[in-house]
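Remarks on the structure that follows.
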Amino acid sequence: MKKIWQGLLIAASFSVLIPASALAKDGAKKAAAPVAVSAQSASTASASMKAELLDLNSASKKELSNLPKIGDVRSDAIIKGRPYKGKDELLSRKILTEDVYKGIKDLVIAKQKPAAKK
């Protein structure tokens, strides 16, 4: 009789252990899936951020003022210096310091007007 109880106890233990290990494997797969989705989301977000760069040649004073370390005075200077062939002209024309430029360079672009058709 004692051996029967031991056998049942062992069988019950295995029935609990097997599903638990299966759940652990499934749980690991589920935990990995959001990482892949997050990487894809980050890539999409990065692409949309590039599409939403602020154009130095057409941005309003208010839009420019919302950039880091750019207030009304610097916004006015940026607008006064238009048009820009490239955003790096903010440095070469000494409109912004290098420190301020580093803070906004990934947020702005200097779009060019399309060439006039002849």
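FYI, it's all coordinate maths here, none of it is from the lab. Given the structure is predicted, the values throughout are model-derived calculations rather than measurements.
Structure summary
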{"read-out": "Segment Leu53-Lys85, length gained on full extension (0.36 nm per residue, minus Cα span)", "value": "10.0 nm"}
{"read-out": "Cα gyration tensor category, rounded, prolate or oblate, for the stretch 54-109 with a/c compared to 1.5", "value": "rounded"}
{"read-out": "Placed amide H near Asn57: partners under 5 Å, 5+ positions off or other chain", "value": "Lys111"}
{"read-out": "Residue-by-residue Karplus 3J(HN,Hα) for the stretch 71-86, coefficients 6.51, -1.76, 1.60, Hz, glycine and proline x", "value": "x, 5, 5, 5, 4, 4, 5, 5, 5, 4, x, 5, x, 10, 7, x"}
{"read-out": "Out-of-range pairs (alpha-carbon distance over 18 Å; input Lys61/Lys87; Lys61/Lys102; Lys80/Lys117; Lys62/Lys94)", "value": "Lys61/Lys102; Lys80/Lys117; Lys62/Lys94"}
{"read-out": "Chain lengthening between Thr97 and Ala115 when straightened (0.36 nm per residue, less Cα-Cα)", "value": "3.4 nm"}
